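The structure under discussion appears below in the form of structure tokens.
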Amino acid sequence: MVAPADWLDLNGKVAVVTGAGHGIGKAIAAALATAGASVIVTDVDGASAEVVGREIGGEGRVLDVSDSTAVDAFFADTARRHGRLDILVNNAGVYRGFGGPIVDVTNQMWRGLMSVNVDGVFYCSRAACRTMIAAGNGGRVINLASTQAFTPGVGVTYDSSKAAVVQMTRTLALEMARHGINVNAIAPGGTWVQEGDAPPTSAIPSATTGEPLADTVSNRLRRIPLGRWGTPDEVGRAAVFLASPMSNYITGITLPVDGGWLLL
């Protein structure tokens, strides 16, 4: 029987976290490192990735997940240098610039968001699964979805992209099960990611949200049963759970980390 102390032990595991130069990705990378994993922090902002990599005792690399050639080269290099890949966290995503209601969305806005939020998850998952299958050690793929995949209101581009991530997670879980690769997703709810700023304890005025359907999301706290914003660290702990032996028999799920948002 595995001792309780080993349930969350990631020592000897190699993890890649995309979009981890700040915010939720940074917290996930730090949590995995704390659990013992060797973490490769990637971000389109290579300087930020390097800073976070140093902070957590890992390494930082520049990576544009929307560039399939760069993604394939990165994972091939990771396999050569580390000899294995055990955990991929597809965190990279964009939220701003989703363009408003569909009548205002341009092709450029649509492709700009989808190229990261959907294409990036596909490219990285494909490369990582090829690497994991070749190594024969199984592995974990963890995708970052959103509660907006289930309760639309932010905009057709962002909401659609996160719904696609949920379904991609389910399909990949079926495909990869025979290779011992568990594929799951996390759906954060209202998470305060502004470093150095305390989360507000009351509604954010609609005029400052910048969201196309601001009337549906301007008072998030009223919609959250636990009555507060989530933290990046709480999402990071969920990622450790899905990466660890505690979740060995869990695959194909989307785990809400939302303070009860989806209950209402």
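The values are calculated or read from the model by the stated rules, or taken from the named source; none is laboratory data. Note that the structure is predicted; figures quoted are calculated from it, not measured. So basically every Cβ, Gly included, is an ideal-geometry build from the backbone, and we count neighbours across all protein chains shown.
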Which ones in region 238-257 are within 14 Å of ALA35 (Cα to Cα) and among the aromatic types (Phe, Trp, Tyr)? PHE241
I'm checking my understanding of the structure. Among residues of region 161-188 that are small (Gly, Ala, Ser) and under 12 Å from the mean Cα position of the chain (by Cα), which one is surrounded by the most Cβ atoms within 10 Å (Cβ to Cβ)? ALA185
Being surrounded by fewer than 19 Cβ atoms within 10 Å (Cβ to Cβ), basic (Lys, Arg) and either under 18 Å from ASN182 (Cβ atoms) or in contact (Cβ under 8 Å) with a residue 40 or more places away in the chain (or both) narrows it down to one of ARG228, ARG237, ARG222, so name that one. ARG237
Take the residues of region 89-115 that are buried (at least 21 other Cβ atoms within 10 Å of the Cβ), out of contact with any Cys (no Cβ under 6 Å at 6 or more places or on another chain) and outside any loop (DSSP other than H, G, I, E, B): which is modelled with the highest pLDDT? VAL89
Does ASN90 meet the test of being of a type in the set (S, T, N, Q) and touching a helix residue (DSSP H, G or I) at 6+ places or on another chain (Cβ under 6 Å)? yes
Looking at this structure, is ILE133 modelled with pLDDT of 95 or more and surrounded by fewer than 17 Cβ atoms within 10 Å (Cβ to Cβ)? yes
Which one of the conditions (1) farther than 21 Å from GLY100 by Cα; (2) under 22 Å from the mean Cα position of the chain (by Cα); (3) modelled with pLDDT under 90 does LEU221 fail to meet, given that it meets all the rest? (2)
Within region 173-195, how many residues turn out to be modelled with pLDDT under 95 and in a strand (DSSP E or B)? 1
Name the residues in region 39-61 that are on the phi < 0 side of the Ramachandran plot and touching a helix residue (DSSP H, G or I) at 6+ places or on another chain (Cβ under 7 Å), would you? VAL39, ILE40, VAL41, THR42, ASP43, VAL52, ILE56, GLY58, GLU59, GLY60, ARG61
Take region 249-263 and flag every residue that is closer than 10 Å to GLY190 by Cβ and either over 18 Å from the mean Cα position of the chain (by Cα) or at pLDDT below 95 (or both). TRP261
Scan region 136-158 and report the pairs whose first residue is under 29 Å from GLY180 (Cα atoms) and in contact (Cβ under 8 Å) with a residue 24 or more places away in the chain and whose second residue is of a type in the set (Phe, Trp, Tyr) and surrounded by fewer than 24 Cβ atoms within 10 Å (Cβ to Cβ), with Cβ atoms within less than 7 Å and a gap of 6+ or a chain change. THR147/TRP261
Can you find even one residue in region 44-59 that is in contact (Cβ under 8 Å) with a residue 40 or more places away in the chain, closer than 24 Å to THR191 by Cα and more than 13 Å from the chain's Cα centre (by Cα)? yes
When region 133-172 is checked residue by residue, the ones that are touching a Lys or Arg at 6+ places or on another chain (Cβ under 9 Å), of a type in the set (Ser, Thr, Tyr) and assigned to a helix (DSSP H, G or I) are THR147
